[in-house]
Amino acid sequence: MKFGLLGFPKVGKTTLLNILTGAHIAVDKYASGKAQPNVGVARVPDPRLDRLAQMFHPKKTTYAHVDFLDIQGLQKGEAKESVNLKEMRNVDAIAHVVRAFRDPEIVHSEGPIDPKRDIATMETELILADLDVAQRRIERLELNLRKGKSKEDEAELPVVRRCLEALERETPIRELDLSEEDVRKIRGFAFLTAKPLLIIANLDEEDAALIPRYVESAGLGNASGRRQTVIAAISAKVEEEIAALEPADAAAFLADLGLAEPAKDRLIRAAFSLLGLVQFFTAGEDECRAWPIRRGTKAPRAAGTIHSDFERGFIRAEVVSYEHLVAAGGFSAARERAQLRSEGKEYVVQDGDVINFRFNV
Ligand SMILES: Nc1nc2c(ncn2[C@@H]2O[C@H](COP(=O)(O)OP(=O)(O)O)[C@@H](O)[C@H]2O)c(=O)[nH]1
Ligand SMILES: [Mg+2]
């Protein structure tokens, strides 16, 4: 699953990509950096998997990951024509990086630092780009239908019209109540405002202590209550410093800021969750591993993410919740406590389940 980092120029997109993925792409106050797009892989940190690894001492520990794509900054007014924005049509979700840091040496294309305004401006840009796509599609469909009826075109037209009407009201498509079937009909257009949105406010290093209550204090509470939209705060500069510290020093530094972990960890987990994903674990002496699945996935399909044979030959899943497994101290102790359950084909896998699949091929 892939996130696209979107934003106006010089807001910290590439700096964030470096922090989230451990990449080392050069950033500069004045030059616009190397040719983009850049891509990177961010590990989804999970204290539960760390704990399982302490219990099982596996040869290998494998975390879930989210990919990030970093494109060139967007200029206001160019969304419709932007070549860079085309890259955004192929991602699963958009992360809008918003400048909240001050540095007067770095010119902000939008004028004074004003996150609320930038969030609104970017939303309008994306709505305009989608409006263009929707209008063209409707013209096309109407033309097709004049030439001759097609069931598919007839079914598609009202859905695209609903999208167009929403966009004309300046409502992003992600906020519409579309059925799964409707979503399938419009998937091909890859509407930008249909994608889940993570807004990342990039705070000034001096404001890092604000992180836990930034959304309220900056008056962004409204935006955070919207469907499939999450706002997170981070200070890219502070995260850079933390990454350079020894673990003990980093912990002390975070404690000073009132944070239990680096803001980047929370940010990656928020991104993961916004994609509609949860994770189950497998644990043993060879490997402890997190497996990402869509929320609501049943046991056989979940088994299939490990190996297609597991899905085809699925017999049952032996499941224990992470909490029970840790409290019991191991699988056999959990079994004695009757906390290791045998689940069948209809079982919906829960976040944090530790599973051993029984299968037959
Ligand atoms: N003071 C400060 N500078 C930052 C922060 N984040 C990024 N920058 C600087 O802003 C400039 C542009 O950053 P970059 O990541 O290239 O922005 P992009 O154009 O959005 O990719 C660089 O000089 C960064 O060091 C921040 O949180 N605080
Ligand atoms: Mg950049």
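The values are calculated or read from the model by the stated rules, or taken from the named source; none is laboratory data. In this text, all values refer to a predicted model and were calculated from it rather than measured experimentally. Neighbour counts are summed over all protein chains in view; Cβ atoms, including those assigned to glycine, are modelled from backbone coordinates with ideal geometry. Just so you know, the surface numbers come from the protein's heavy atoms only, side chains and all, with ligands and any DNA or RNA stripped out. Shrake-Rupley method; radii C 1.70, N 1.55, O 1.52, S 1.80 Å.
Measuring between alpha carbons in the structure, the pairs from LYS10/LYS116; LYS116/LYS185; LYS151/LYS185; LYS149/LYS195 lying more than 22 angstrom apart are LYS116/LYS185; LYS149/LYS195. Between the amide H of LEU6 and those of ALA95, HIS96, VAL97, distances stay under 5 Å, these residues lying 5 or more places away or on another chain, with hydrogens modeled in the peptide plane.
Calculated FRET efficiency, GLU336 to ILE315, Cβ-Cβ distance, R0 = 25 Å: about 0.65 to the nearest 0.05. Beta bridges per DSSP, both residues in the chain: antiparallel share near 50 percent. Alpha carbon centre of segment 245-305 versus segment 56-130: separation in Å? Value for the Cα centre distance between the two parts: 22 Å.
In this simple spin-label model, placing a label point 7 Å from the Cα along the Cα-to-Cβ direction at both ASP351 and LEU145 gives a separation of 4.1 nm. With viscosity set to 1.306 mPa s and temperature to 10 °C, compute the Stokes-Einstein D of segment 126-193, Rh being the Kirkwood radius across alpha carbon pairs; µm²/s, no decimals. Diffusion coefficient, whole number: 132 µm²/s.
The residues of the chain have, on average, 50 Å² of accessible surface per residue, using a 1.4 Å probe with all protein chains present. Between THR297 and VAL349, the built amide H atoms are under 5 Å apart, and every one of these is 5 or more places off in sequence or on another chain. Each listed q (0.06, 0.14 Å⁻¹) maps to a log10 I(q)/I(0) for the chain, found by the Debye formula over equal Cα scatterers with no solvent: -0.28, -1.21. Couplings 3J(HN,Hα) for segment 348-358, derived from phi with the Karplus relation 6.51 cos²θ - 1.76 cosθ + 1.60 (θ = phi - 60°), are 8, 5, 9, 4, x, 5, 9, 10, 10, 8, 9 Hz, where x marks Gly and Pro. A simple rule links phi to the HN-Hα coupling: the Karplus curve 6.51 cos²θ - 1.76 cosθ + 1.60 with θ = phi - 60°, which for segment 74-91 gives 9, 9, 4, x, 10, 4, 4, 9, 4, 6, 4, 5, 4, 4, 6, 6, 9, 9 Hz, with x for Gly and Pro. Between GLU323 and ASP103, full extension at 0.36 nm per residue minus the direct alpha carbon distance yields a gain of 74.7 nm.
A simple spin-label model places the labels of HIS57 and GLN75 6.1 nm from each other, with each point 7 Å out along Cα-to-Cβ. Compared with the alpha-carbon gap, the fully stretched path from GLU261 to ALA190 is longer by 22.1 nm at 0.36 nm per residue. Ignoring everything except DSSP H segments at least 4 long, calculate the 222 nm mean residue ellipticity for the chain; use -39,500 (n - 2.57) per segment, divide by total residues, nearest 500. Computed ellipticity for the chain at 222 nm equals -12000 deg cm²/dmol. Note on the chain: with a GNM built from Cα contacts shorter than 10 Å, the maximum mean-square fluctuation among LYS185, LYS80, LYS60 falls on LYS60. Subtracting the Cα-Cα distance of ARG43 and ILE138 from their residue separation scaled by 0.36 nm leaves 30.1 nm. Taking 13 Å as the straight-line reach from the Cα of LYS298, the aspartates and glutamates in range (excluding those fewer than 8 positions away in the same chain) are GLU311, GLU343, GLU346, ASP351, ASP353.
Note that segment 320-326 has calculated 3J(HN,Hα) couplings of 9, 6, 3, 4, 5, 4, 5 Hz, one per residue in order, obtained from phi through the Karplus relation 6.51 cos²θ - 1.76 cosθ + 1.60 (θ = phi - 60°); glycine and proline are x.
For segment 1-142, which whole-number percentage of the solvent-accessible area (1.4 Å probe, protein heavy atoms only) is attributable to carbon and sulfur atoms?
Numbers: 3530 of 6720 Å².
That share works out to 53 percent.
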